[in-house]
């Protein structure tokens, strides 16, 4: 028993495979032995209609898909470096030949153990950022194909438009554009789950039930809050299935049918996940991560209202549709209404936790685009001319807001990564030219975590920072000093890179002002005298109108409080000022 207890953390992958195999076998057995004669399909017939697709649409969709794919891939791959936040897990681990351990952090209340495990395989095939991002692009291709096949009630052109919209919303674009966001995997497996459930509704084949349960297993263990989406989805399906002839009535035979048993299997997956999570937190019950990240409820609502209107629309429409279903004034769609309910619960969970990050809502945004888009398309012919005008104006406004946020994030993201890469390259050149002289780095404004992040990248490109893997190869080590530290020691307690406490630079120090330092231009100018400056980075391109736009929408990434020197960075050789 002690061995099994320890294995829940030490051998999580083996335990997870065992749970997944058991769940798949039980689900297959359950649906194969379920009575089938009592199930009534009539209420869900609306989901089985087929959209009409003109033949001339097909080559146009193929051409547009190719053009979009090339542009999307270029946007993700171009100007990408291992300089983004949390990329130390690559520069200090996978790129050094070490696996990333499953993120089971009881001390922080975190349990998302499947996160980043794909890179333990990818590291054996590539050591470049483009190689790592190629896996994300493969997921984009798979997701796009799944979305094209998901809803036969719509035409091919309509499904294409919705798939493009999903990939362009800020949360989804961010999730696939960076390596560290596990939401991209949740999004992909939700699409797999939806396909599996839809096919199971048609065929009642055990293979689709198995695929659905496996997808649910992936979703639950990629993000802690994803179990709420699963539970909401399965629970809504169980409740909606009890509806018959415009009233809600509990009919056990319906719940005992093949689809009811599959939904109960999804509930079982979430229950097992919660029990597993509880065993991890048994000795250290805390929510430190959520506590450190949360803000006031008012501030959280304000940020999400300003950043992403889609989940709010999803929540409103889902509540209205649910009320109409209860009153018997609307027919439910078992798959789509349940997905909408699960996505709404998922969104509300972040409001309750008071945690704000745009990429958190990628699963809810995908469901919102598909559900709301499907609703508008199927009801378009029934709308009056005035209603169509209002609906079209609303769609255009929402798309403009979402695309603006995506463009702003792209501008910030690429400049942040490219700027830090240029800073690191300037430091490397100084070190290669004279290792004895370029032996100390000073960060006047950066936090210990940001210092560690840049130091990890410097080690990756060959600068032997003290405590990093590059420093173990011999030669003169580069020490790191920061004004944000109170005493010497590791920059952060979970990595080996050493930082030294210092209040000011010494003559000859390389002084670094990072793009995300919270320092004004006046403060930064102290270390940017023209005679000392080695490298100065300004965001590009920077036309006046675009700079205004990106600063106005900085809620996409509120990491800096100094818009007057927003995204610029510098490297200087400190010389004693003359008196």
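The values are calculated or read from the model by the stated rules, or taken from the named source; none is laboratory data. All figures in this text were calculated on a predicted structure; none of them were measured in a lab. Because the Cβ atoms are built from the backbone with ideal geometry, glycine has one as well, and the counts that use them run over all protein chains shown.
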For this session: Test residue 183 against the criterion of being assigned by TED's automatic domain parsing to the domain that holds residue 15, crowded, with 22+ Cβ neighbours inside 10 Å and under 23 Å from residue 227 (Cα atoms), and give yes or no.
Result: yes
Exercise. Of the conditions (1) modelled with pLDDT under 90; (2) assigned to a helix (DSSP H, G or I), residue 360 fails just one. Which one is it?
Worked result: (1)
For this session: Hand me the list of strands (runs of 3 or more DSSP E) wholly inside the stretch 430-547 holding 3 or more residues that are surrounded by fewer than 22 Cβ atoms within 10 Å (Cβ to Cβ) and either in contact (Cβ under 8 Å) with a residue 24 or more places away in the chain or touching a strand residue (DSSP E or B) at 6+ places or on another chain (Cβ under 8 Å) (or both).
Result: 498-501, 533-537
For this session: Kindly list the number of the only condition in (1) surrounded by 20 or more Cβ atoms within 10 Å (Cβ to Cβ); (2) out of contact with any helix residue (DSSP H, G or I) (no Cβ under 6 Å at 6 or more places or on another chain) that fails for residue 424.
Result: (2)
Problem set entry | Test for residue 355: is it in contact with a helix residue (DSSP H, G or I) (Cβ under 9 Å, 6 or more places away or on another chain) and more than 23 Å from residue 398 (Cβ to Cβ) | yes
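Residues checked against (1) modelled with pLDDT under 90; (2) within 23 Å of the chain's Cα centre (by Cα):
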| site | (1), (2) |
| --- | --- |
| 403 | yes, yes |
| 412 | yes, yes |
| 434 | yes, no |
| 454 | no, yes |
Seminar exercise, completed: residue 330 fails exactly one of (1) more than 30 Å from residue 450 (Cβ to Cβ); (2) surrounded by 15 or more Cβ atoms within 10 Å (Cβ to Cβ); (3) in contact (Cβ under 8 Å) with a residue 12 or more places away in the chain, namely (3)
Problem set entry | Residue list for the stretch 370-400, restricted to those being modelled with pLDDT under 85 and surrounded by 13 or more Cβ atoms within 10 Å (Cβ to Cβ) | 383
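Report yes if residue 94 is within 24 Å of residue 448 (Cα to Cα), modelled with pLDDT of 90 or more and touching a helix residue (DSSP H, G or I) at 6+ places or on another chain (Cβ under 8 Å), otherwise no.
Yes, satisfied.
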Seminar exercise, completed: With criteria (1) surrounded by fewer than 19 Cβ atoms within 10 Å (Cβ to Cβ); (2) over 22 Å from residue 413 (Cβ atoms); (3) over 19 Å from the mean Cα position of the chain (by Cα), residue 103 comes up short on (3)
For this session: From 304, 289, 350, grab the single residue that is in contact with a strand residue (DSSP E or B) (Cβ under 7 Å, 6 or more places away or on another chain), outside any loop (DSSP other than H, G, I, E, B) and either at negative phi or modelled with pLDDT of 95 or more (or both).
Result: 289
Problem set entry | Residue in the stretch 76-91 that is at pLDDT below 95, in the same structural domain as residue 280 (by TED's automatic domain parsing) and loosely packed, with under 12 Cβ neighbours inside 10 Å present | yes
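Quick grid of which residues meet (1) in contact (Cβ under 8 Å) with a residue 40 or more places away in the chain; (2) not assigned by TED's automatic domain parsing to the domain that holds residue 289:
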| site | (1), (2) |
| --- | --- |
| 339 | yes, no |
| 345 | yes, no |
| 388 | no, yes |
| 401 | yes, yes |
For this session: Give the residue, chosen from 531, 561, that is over 26 Å from residue 170 (Cα atoms) and modelled with pLDDT under 90.
Result: 531
Exercise. Does residue 569 satisfy being at pLDDT 90 or above and within 22 Å of residue 87 (Cβ to Cβ)?
Worked result: yes
For this session: Under 6 Å between Cβ atoms, at least 6 apart or on separate chains: pull out the pairs that start in the stretch 555-575 with a residue that is over 22 Å from residue 304 (Cα atoms) and end on any residue that is part of a helix (DSSP H, G or I) and at pLDDT 85 or above.
Result: 564/521; 565/521; 565/524; 567/415; 569/419; 569/423; 571/423; 571/426
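Sort out which residues of the stretch 347-356 are in contact (Cβ under 8 Å) with a residue 60 or more places away in the chain and closer than 17 Å to residue 222 by Cα, and write them in order of number.
Selection gives 349, 350.
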